[in-house]
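Here's the structure we're looking at; comments come further down.
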Amino acid sequence: MPAATVTKTEYGFSVTGGTAATTINADKLWVKRLAFAGSAIDKLATLTSDPYPGAAVSCGKFKVADGTSGDLDVATNSIYFGDRGVPFNNLTVTMDSTTSILYVYLTR
């Protein structure tokens, strides 16, 4: 399983292209929004954060519910944490499709 490609953008990060657990950033990130563009029916993105070294916990999960066009884009698959955002340490994602995309929008 290849690791996903994490691309730094002007808004934060986009992640695609792999199915292995991939660290988005090992430092603390202040995340405003997470959004998932699934590539097909039942595609998943599972996120973990590490609030204490060695204690990774689940912090988010996206699943495309059905194959309608509205469910495959970020409009129906996002979590908004507010303008101040919330902190995530060592944010890691595991996706089950190499063509799905996770967007991570940062506050700063």
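The values are calculated or read from the model by the stated rules, or taken from the named source; none is laboratory data. The shown structure was predicted, so the numbers you read here are calculated from the model rather than taken from an experiment. So basically every Cβ, Gly included, is an ideal-geometry build from the backbone, and we count neighbours across all protein chains shown.
Out of (1) in a strand (DSSP E or B); (2) modelled with pLDDT of 90 or more, what's the single condition that is false for residue 62?
Residue 62 satisfies all of (1) in a strand (DSSP E or B); (2) modelled with pLDDT of 90 or more except (2).
On the basis of being of a type in the set (Gly, Ala, Ser) and within 14 Å of residue 100 (Cα to Cα), does residue 60 make the cut?
No.
Kindly check whether there is at least one residue in region 8-30 that is part of a strand (DSSP E or B), at positive phi and of a type outside the set (Phe, Trp, Tyr).
Scanning region 8-30 turns up at least one residue that is part of a strand (DSSP E or B), at positive phi and of a type outside the set (Phe, Trp, Tyr).
Return yes or no: is residue 50 under 13 Å from the mean Cα position of the chain (by Cα), surrounded by 15 or more Cβ atoms within 10 Å (Cβ to Cβ) and of a type in the set (Asp, Glu)?
Here the answer is no, as residue 50 does not meet what is asked.
Can you name the condition, by its number, that residue 60 falls short on among (1) under 10 Å from the mean Cα position of the chain (by Cα); (2) of a type in the set (Gly, Ala, Ser); (3) surrounded by fewer than 16 Cβ atoms within 10 Å (Cβ to Cβ)?
Residue 60 satisfies every listed condition except (3).
Exactly one of (1) surrounded by 13 or more Cβ atoms within 10 Å (Cβ to Cβ); (2) among the basic types (Lys, Arg); (3) under 12 Å from residue 105 (Cα atoms) is unmet by residue 84. Its number?
Of (1) surrounded by 13 or more Cβ atoms within 10 Å (Cβ to Cβ); (2) among the basic types (Lys, Arg); (3) under 12 Å from residue 105 (Cα atoms), only one is false for residue 84: (1).
Being in contact (Cβ under 8 Å) with a residue 24 or more places away in the chain and either farther than 15 Å from residue 93 by Cα or acidic (Asp, Glu) (or both), is that true of even one residue in region 3-13?
yes
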